[in-house]
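Got a structure for you, questions after.
The values are calculated or read from the model by the stated rules, or taken from the named source; none is laboratory data. Small disclaimer: the values here were computed from a predicted structure and weren't measured. All Cβ positions, even for glycine, are placed from backbone atoms using ideal geometry, and neighbour counts span all protein chains on display. The area values use the complete protein model at the heavy-atom level, side chains included, leaving out ligands, DNA and RNA. Shrake-Rupley method; radii C 1.70, N 1.55, O 1.52, S 1.80 Å.
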Amino acid sequence: MLFRSTPITLEGKPSRARVSADGKYGAFTVFVLGDGYDTSFSTRTTIVDMASATVVADLESFAVFRDGERFTAKDFNFWGVTFAHDGNTFYASLRTNGKTYLLRGDLAGRRFTVLRDNVECPSVSPDDRFVAFKKFIGPDPGAWRLAVLELSTMKERLVAGENRYIDDQVEWLDGDRLLYAVTRRTTSIADVWVASATGDGPAKILLPQAE
């Protein structure tokens with residue numbers, strides 16, 4: 001089968017790219033100012049139809065609700081989309097006023113609900129039961145630990161097998177194991193590590209030098 005690629009013009013380099021399980025939707029984030037996570041970065045996050053390469057939604061057009069009330073600010077920045085399997089629900093990060101939030105998105109309704117604060121870069125499990133993310137535990141600005149939220153109970157816990165600070169959007173290898181990149185100290189080389197989302201065994205390198 002021959003596939004025809006259709007280019008989409010972007011404002012910067014795409015990152016945090018994900019595709020829905022059915023292949024219908026894709027999402028990516030463009031960091032408009034620089035490549036780092038500092039107070040001046042700005043994002044554009046877009047959901048596209050993968051077959052037609054047309055834009056379905058810009059996340060800045062969504063209404064955001066927190067504790068049942070509309071939540072607005074001029075400095076909203078969204079990134080880190082991950083799709084559930086129902087074709088409509090997804091999760092994303094929001095940063096505003098120096099704080100980050102975990103959002104549940106309703107694609108058809110064009111709205112977000114705030115679920116947690118101090119959270120970035122979610123990733124939903126293959127069975128839609130859990131969302132893994134990096135959680136800010138402070139006070140060091142880089143103090144992000146891997147955590148998992150059980151959606152049915154809204155109970156959250158840190159990943160026991162990985163106690164280092166991790167700055168990555170994890171991916172699920174299967175129903176329990178998480179994949180993520182860790183840069184080696186004093187180098188630019190990164191390895192892909194694997195840790196159990198529910199157990200307490202130590203994390204291990206899965207693929208060396210393979211971010």
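If you go through the range 62-80 one residue at a time, do you hit one that is of a type in the set (Ser, Thr, Tyr) and at pLDDT 95 or above?
no
Given the criteria farther than 23 Å from THR29 by Cβ and open to solvent by 60 Å² or more (accessible area, probe 1.4 Å), does ARG184 qualify?
Yes: the conditions hold for ARG184.
Report whether or not SER196 is hydroxyl-bearing (Ser, Thr, Tyr) and either modelled with pLDDT of 95 or more or closer than 21 Å to SER93 by Cα (or both).
Judged against the criteria, SER196 is a match.
Quick one: which of LEU102, LEU115 is in a strand (DSSP E or B), at pLDDT 95 or above and open to solvent by 20 Å² or more (accessible area, probe 1.4 Å)?
LEU115
What is the residue count in the range 5-16 for residues that are open to solvent by 60 Å² or more (accessible area, probe 1.4 Å) and in a strand (DSSP E or B)?
Residues meeting the conditions: 1.
Within the range 158-178, identify whether any single residue is of a type in the set (Gly, Ala, Ser), open to solvent by 50 Å² or more (accessible area, probe 1.4 Å) and at pLDDT 95 or above, and answer yes or no.
yes
Here is a follow-up. Looking at PHE71, PHE136, PHE130, which one is open to solvent by less than 20 Å² (accessible area, probe 1.4 Å), touching a residue at least 12 places away in the same chain (Cβ under 8 Å) and over 11 Å from the mean Cα position of the chain (by Cα)?
Selected residue: PHE130, the only one of PHE71, PHE136, PHE130 that is open to solvent by less than 20 Å² (accessible area, probe 1.4 Å), touching a residue at least 12 places away in the same chain (Cβ under 8 Å) and over 11 Å from the mean Cα position of the chain (by Cα).
When you scan the range 45-68, how many residues do you find that are hydrophobic (A, V, I, L, M, F, W, C), in contact (Cβ under 8 Å) with a residue 40 or more places away in the chain and part of a loop (DSSP other than H, G, I, E, B)?
Residues in the range 45-68 being hydrophobic (A, V, I, L, M, F, W, C), in contact (Cβ under 8 Å) with a residue 40 or more places away in the chain and part of a loop (DSSP other than H, G, I, E, B): 2 in total.
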